[in-house]
Amino acid sequence: MYLAQKYINGRICYFIRESYPHGEYFLSRELIALGPDPGRFIIYPGGNSFYVDAVIENQIIALGKEADPVVLEDIFWRFLRPRIRRALEPFRNREKRQRSERKKRPAGEDPDARIHMFDKRRWHFLRFGHTDQCHLTRLPPKMFRRFLNKSRDEIEQMFIDMERELPIREYKIYAYVSFNLQRYFAESVAGNHPQMLDQTQIDEHFIHQICLLNTDPLFWAGMPFEDRLNDYLIRYVLMYFDYDFAPSSFMDEYLRQFINNRRDYRPPPGSNSVGLQEASTVFGRSKEELRKMSARELTRQYRQKAQKIHPDKGGDHDKFVRLTEAYQELLKTKR
């Protein structure tokens, strides 16, 4: 399952969709419409804790799907209150890295054979900020695993989310690099200074490449073709024609390189953790019971306990905070 967005009557509406196998491709289907404000489904029991309203979980279960709390957290993460998101971000990033390291490559799988070069170029720029992609083909296949077993719709929604962090001054260079327009020019400045090239020629090559991509069956992977430019490509037309290449200077280049070298920086994880013995005391359940609980059962236990000891209902603030910390630590072991 993943979060998808779409403009309806001039405003962004959100949906929960899923990718599913269909022959040699993965297609997508809609599960739940969240409307323009998914944040209304987030419950804040107190402190830095939160959980997704049970109505979403029940709808997913009614569709015959598994309501994984970790997946729901990812879907609703961007709609959290900023203060809580900032407080929990270090822990979330740490756990995501650990989960990524535990992923194993399926036997015989060749990611390079299934991932489109347009996806690789986009991801490479968003990840490293490099306009020169001569080393792109040398990157290890494991760096592109995130695109496996996903529909074209899910992949495009991933890029929409990643592109939200892209500075406006980089819009046009991002489109230039993603469509690999530098290959049409022999000038040495084509890689890093496209603003010094013939702009009319660049425009013509861009239009040609986006039209080719619009009719590429390998890229769209089973999605139906339309007699117009696909909605997912329109944003690149806007990025390219509505913006200019940013003027470059020595200081601009220095700052750009400094930022790009630190795109992966994450604040160090917090050291405040709750052991299993203390969690057992907080929840009032044995360590063995906590080990055997599923993520869904643990969430249910947390909600019940939180309702009883919440400070707004006469409970103790410190106990409630410790309960929340214990829940968050235990939930990581269920992922």
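Numerical summary
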quantity: Some residue of segment 198-220 being farther than 13 Å from VAL177 by Cα, part of a loop (DSSP other than H, G, I, E, B) and at pLDDT below 90; calculated: no
quantity: Residues that are within 15 Å of TRP77 (Cβ to Cβ), assigned to a strand (DSSP E or B) and in contact (Cβ under 8 Å) with a residue 60 or more places away in the chain, drawn from segment 43-64; calculated: SER49, TYR51
quantity: Residue in segment 47-54 that is modelled with pLDDT under 95, of a type in the set (D, E, K, R) and farther than 29 Å from GLY222 by Cβ present; calculated: yes
quantity: Residues (within 30 Å of LEU218 (Cβ to Cβ) and among the basic types (Lys, Arg)) located in segment 9-43; calculated: ARG17, ARG29
quantity: Residue that is over 29 Å from ASN230 (Cα atoms) and hydrophobic (A, V, I, L, M, F, W, C), where the choices are ILE12, ILE84; calculated: ILE84
quantity: Segment 301-329, subset in contact with a helix residue (DSSP H, G or I) (Cβ under 9 Å, 6 or more places away or on another chain) and charged (D, E, K, R), residue nearest to ASP53 (Cα to Cα); calculated: ARG303
quantity: Residue ID - surrounded by the fewest Cβ atoms within 10 Å (Cβ to Cβ), chosen from residues in segment 3-19 that are within 28 Å of LEU148 (Cβ to Cβ) and of a type in the set (D, E, K, R); calculated: LYS6
quantity: Tally, over segment 137-169, of residues that are within 30 Å of HIS22 (Cα to Cα), part of a helix (DSSP H, G or I) and either hydrophobic (A, V, I, L, M, F, W, C) or at pLDDT below 90 (or both); calculated: 13
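The values are calculated or read from the model by the stated rules, or taken from the named source; none is laboratory data. The structure displayed is predicted, hence computed values, not measured ones. Ideal geometry is used to build each Cβ from the backbone, glycine not excepted, and the neighbour counts take in all protein chains shown.
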